[in-house]
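The values are calculated or read from the model by the stated rules, or taken from the named source; none is laboratory data. Quick caveat: nothing in here was measured; it's all calculated off a predicted structure. A quick note on method: Cβ atoms are made from the backbone with ideal geometry, for glycine too, and the neighbour counts reach across all protein chains shown.
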């Protein structure tokens, strides 16, 4: 190709060559996380105090006494407790997890 033709093509592509709309590159949105991590708790026991059911959980070496509405380490919210299950919300992803436990 001739140098002038190459220059004309380069200029045409650089200035959108008279296109009606500007080119907008597509941006891929990040894929939503599919699942929360496994619950990091070990069941220790439960008690009823002032009509409120509480569950004792170990997370590593730390003991937590939790009831419905409590937040654990700013990462999990306890949504509900029954005699055999706890429903958590993993707060960073806002995903619910139901945890059946044994007494």
(message) Name the single residue that is farthest from the chain's Cα centre (by Cα) among those in segment 45-87 being part of a loop (DSSP other than H, G, I, E, B) and within 16 Å of residue 102 (Cβ to Cβ).
(response) 83
(request) Those residues that are buried (at least 18 other Cβ atoms within 10 Å of the Cβ) and closer than 13 Å to residue 41 by Cα, I need them from segment 78-90; list them, please. (result) 78, 86, 88
(message) So the check is Cβ under 8 Å with 6+ separation or different chains; which pairs have a first residue in segment 64-76 that's on the phi > 0 side of the Ramachandran plot and a second one that's at pLDDT 95 or above and assigned to a loop (DSSP other than H, G, I, E, B)?
(response) 74/91
